[in-house]
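Here's the structure we're looking at; comments come further down.
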Amino acid sequence: MSSLQNMENSIQHSGIVDHIEGEKIFVKITQQSACAGCHARSMCMASDSKEKMVEVIDYSGLLKKDDPVVICGRSSMGLQAVFFAFVIPLILVVGAIIIGVQLQWGEALSALIGLSLLIPYYFVIYLLRDKLKKRFVFTLKKI
């Protein structure tokens, strides 16, 4: 695969090494909204940015605290994350509402049941976090 194709199929974020615990490198990235590059962002309430901490396993031992790095991952990981975090929960809520209305439980109760299904769903996701970490693997490049 060429380098250009590899860049097209990857997600990249620049960040700074915050701290290191063994082979776990904790990188601080600034996540910006889509409109953060707009010249009118200072006047707009929609633009925002948040700092996130990303944990990456790195066995090289070449990185130190405050090193600038680029976090790289496959684009498909982003699609999978959206699927687990948003698509499945949406299907659960809408499905529960449709089934509840069909069973004549009423819209409010059906919606409440649909929303309450998210609690066990996200709890299961939390329990599977170690398995998901193996699925969502990021690499680091020192700048």
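Every number here is computed from the coordinates shown, using simple stated rules; none is lab data. What you are looking at is a predicted structure, and each value in this text was computed from that prediction instead of being measured.
Ignoring lysines fewer than eight residues from residue 134 along the same chain, the ones with Cα atoms less than 18 angstrom from its Cα are 24. Taking each residue as 0.36 nm, the span from residue 123 to residue 16 lengthens on full extension beyond its C-alpha to C-alpha distance by 35.5 nm. Under 19 Å from the Cα of residue 131, which aspartates and glutamates turn up, not counting those fewer than eight places away in the same chain? Once the sequence-local aspartates and glutamates are set aside, what remains near residue 131 is 23, 55, 58.
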